[in-house]
Amino acid sequence: MSPNQWVEQFRRLHHRARQGQLSESEQRNYQAAREYFARALTAAQGLSVPASRSARRMFRVAQGLQVDLTFAAGAVRAVTLDVSVGGFSVMMHKPPPETEEPGFSLRLPGNQEPVVGRAKQVSTQRKLGTTHRVSFSILGLSEKEEQRLESTLFDLALERIK
């Protein structure tokens, strides 16, 4: 099977999964295919995934999504540069205190409910002028919310592959 055929087969399986139309055996195959696809994406992104970790938590999608961050000093609205199940990056004029764990509300495409949770700053890179790329890890999402975010990230990744 060619890579293009595999992606088309995965796209159909993913769509059926989003509709709740998979049998138990198809669900197992779908979960394995998700991991395989995520490993291919992480490899293309130059990331290495330890054998003990799931690539589904690590692959990133370069996507501008609105995120509202709530800090002790006030709220900040930003747009993501990239998103993964494990975190996201945004540009900020002033990086927040490293020890603060802001609340966040990440708007997903379409009419989906936002993903809401807490985040922790993991890195800051000064860019041109006074802007900073600030990366956050997502803390303690429920399994249901992780799955919802992960499915949306697969939707976005598949949209880019024609």
Just wondering, is there one or more residues in region 78-86 that are more than 9 Å from the chain's Cα centre (by Cα), within 16 Å of residue 117 (Cα to Cα) and not basic (Lys, Arg)?
yes
Taking region 110-157, which residues are open to solvent by 50 Å² or more (accessible area, probe 1.4 Å), hydroxyl-bearing (Ser, Thr, Tyr) and either touching a Pro at 6+ places or on another chain (Cβ under 8 Å) or in contact (Cβ under 8 Å) with a residue 24 or more places away in the chain (or both)?
124, 130
For region 59-77, give me the residue count where each residue is of a type in the set (D, E, K, R) and at pLDDT 95 or above.
2
Residue list for region 31-50, filter: open to solvent by 50 Å² or more (accessible area, probe 1.4 Å) and part of a loop (DSSP other than H, G, I, E, B):
45, 46, 48, 50
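Closer than 29 Å to residue 135 by Cα and open to solvent by 40 Å² or more (accessible area, probe 1.4 Å): which single residue out of 53, 28 fits that description? Even if it seems obvious, please write down each step before you answer.
Values: 28 fails: closer than 29 Å to residue 135 by Cα.
Just a single option satisfies the conditions, and that option is 53.
Kindly provide the set of residues from region 56-75 that are of a type in the set (A, V, I, L, M), farther than 17 Å from residue 158 by Cβ and open to solvent by 50 Å² or more (accessible area, probe 1.4 Å), ordered by number.
The first filter runs over region 56-75 and keeps only residues of a type in the set (A, V, I, L, M), leaving 58, 61-62, 65, 67, 69, 72-73, 75.
Then keep just the ones that are farther than 17 Å from residue 158 by Cβ; that gives 58, 67, 69, 72-73, 75.
Of everything in region 56-75, those that are of a type in the set (A, V, I, L, M), farther than 17 Å from residue 158 by Cβ and open to solvent by 50 Å² or more (accessible area, probe 1.4 Å) turn out to be 72, 73, 75.
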Qualifying position, being small (Gly, Ala, Ser), more than 16 Å from the chain's Cα centre (by Cα), modelled with pLDDT of 90 or more and assigned to a strand (DSSP E or B), among 137, 123, 89:
123
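Do we find a residue being over 27 Å from residue 160 (Cα atoms) and touching a Pro at 6+ places or on another chain (Cβ under 7 Å) anywhere in region 72-95? Please lay out each step first, then the result.
Let us first name the residues in region 72-95 that are over 27 Å from residue 160 (Cα atoms), namely 72-76, 93-95.
Next cut, touching a Pro at 6+ places or on another chain (Cβ under 7 Å) only: none.
Checked region 72-95: no residue is over 27 Å from residue 160 (Cα atoms) and touching a Pro at 6+ places or on another chain (Cβ under 7 Å).
The values are calculated or read from the model by the stated rules, or taken from the named source; none is laboratory data. For clarity, every value in this text was computed on a predicted model and none was experimentally measured. Cβ: placed from backbone, ideal geometry, glycine included. Neighbour counts: every protein chain shown. Surface areas here come from the heavy atoms of the whole protein model, side chains and all, with no ligands, DNA or RNA. Shrake-Rupley method; radii C 1.70, N 1.55, O 1.52, S 1.80 Å.
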